[in-house]
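First up is the structure itself, then whatever we jot down about it.
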Amino acid sequence: MIPLRDNVSSQRLPLVTYTIIATNVVIFWHEMQLGSGLARFVDVFGLIPVRFHRAHDPIARWMPVFASMFVHGGLLHLLGNMLFLHIFGDNVEDRFGHVRFLVFYLGCGTVAAIAQITASPHSAMPMVGASGAIAGVTGAYFVLYPRARVSMLVPIFLFWQVIEVPAVLFLLLWFGMQLAYGMVSLGGPESGGTAWWAHVGGFGSGMIAALFVRPRRRLRGIWAH
C-alpha cells in the first residue's frame, strides 16, 4: 500500500517540511557523488549503537544522532521517506507552527534513535534515514487529524487501484506492522533490515507531543477535524 495524498488542506506554506525534503535530496545527491568514499561517509554520519554507548565525547556521541536523520541508504529509501513527509508533514507543521515543528521533528528523530539503540545496544551497523523522525510526524497526524482520509495505491489482483481510506486506519496498520516486526527482531541476529524500534519510538513520541500542541484546548477539541 502506497499513500498518495490526504484530503486536509494547510492554511500556510509548509516551509520547514519543504526545507527538510530539499536538504535530504541534496545530501543524497552528495552521497551519490562519493563513489568509493560513500562507505566512509555512512560510517562517520550514520548512528552506530555500540559506538554511541562507548563514546565519552558528547559531540562524538550525539552528532550522528542528528546527522543520520539526513542520510539515506538508497533512492527508494529516500523516496519512501520523503513521500510520507510530504503527505503528512504539511498539516502537522500547520498545527505546530514552523519553529515548533522543526524542534518537534528533530526531537522525534532523537527519541526514535534512542529507542533503536536501546533495543540493539551491541549493533555495529550504521543506522541512517529520516524514518524515525517522520514516524513522529505520522504519530502527530494520527492524533491531530483522526477524521482525515488518505488516497492510497493498492494492488488488487493484477492491477493497482487508488482507494481512499481513513488516515487512522492506515496509520494504525502501519504502526502495528512496525511493532510486530520490532518484537520479532528482539534478540535476533543483526541484519541489514529496518530499524523497527526507531519507527515505534518516533510514532509514540509524535503522538505524545501532539497532545500538548494546543495546551489551552480541551482534549476533545484536538480530536476535531
For this session: Take Asn91 and decide whether it is under 30 Å from Pro166 (Cβ atoms), touching a residue at least 60 places away in the same chain (Cβ under 8 Å), polar (S, T, N, Q) and touching a Lys or Arg at 6+ places or on another chain (Cβ under 9 Å).
Result: no
Exercise. Within region 125-138, which residues are in contact with a helix residue (DSSP H, G or I) (Cβ under 7 Å, 6 or more places away or on another chain) and either assigned to a loop (DSSP other than H, G, I, E, B) or surrounded by fewer than 19 Cβ atoms within 10 Å (Cβ to Cβ) (or both)?
Worked result: Pro126, Val128, Gly129, Ala130
For this session: Starting from region 102-124, take each residue that is at positive phi and crowded, with 22+ Cβ neighbours inside 10 Å and list its partners that are at pLDDT below 95 and outside any helix (DSSP H, G or I), counting only C-beta distances under 9 angstrom and pairs at least six apart or across chains.
Result: none
Exercise. In region 42-120, which helices (runs of 4 or more DSSP H) lie fully inside it and hold 3 or more residues that are β-branched (Val, Ile, Thr) and out of contact with any strand residue (DSSP E or B) (no Cβ under 7 Å at 6 or more places or on another chain)?
Worked result: 98-119
For this session: Identify all residues within region 139-178 that are touching a His at 6+ places or on another chain (Cβ under 9 Å), surrounded by 15 or more Cβ atoms within 10 Å (Cβ to Cβ) and not small (Gly, Ala, Ser); write none if there are none.
Result: Tyr145, Pro146, Trp174, Phe175, Gln178
Seminar exercise, completed: Of the residues in region 47-100, those that are under 23 Å from Leu4 (Cα atoms) and basic (Lys, Arg) come to Arg95
Problem set entry | Unique residue being modelled with pLDDT under 90, under 14 Å from Gln116 (Cα atoms) and out of contact with any Cys (no Cβ under 7 Å at 6 or more places or on another chain) when the list is Gly221, Gly201, Gly182 | Gly182
Exercise. Taking into account only those residues within region 4-18 that are in a strand (DSSP E or B) and out of contact with any Leu (no Cβ under 7 Å at 6 or more places or on another chain), which is surrounded by the most Cβ atoms within 10 Å (Cβ to Cβ)?
Worked result: Asp6
Exercise. Counting only residues that are under 22 Å from Ile27 (Cα atoms) and not acidic (Asp, Glu), which one in region 84-97 is surrounded by the fewest Cβ atoms within 10 Å (Cβ to Cβ)?
Worked result: His86
Seminar exercise, completed: Condition set surrounded by 15 or more Cβ atoms within 10 Å (Cβ to Cβ) and among the aliphatic types (A, V, I, L, M), scope region 62-82, selection nearest to Leu38 (Cα to Cα): answer is Val71
Problem set entry | First in region 66-87 and without any contact (Cβ under 8 Å) to a residue 24 or more places away in the chain, second anywhere and crowded, with 16+ Cβ neighbours inside 10 Å, Cβ under 7 Å, 6 or more apart | Ala67/Phe45
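The values are calculated or read from the model by the stated rules, or taken from the named source; none is laboratory data. Note that this is a predicted model, so its numbers are computed, not measured. Positions of Cβ are generated from backbone atoms using ideal geometry, with glycine treated the same way; all protein chains shown enter the neighbour counts.
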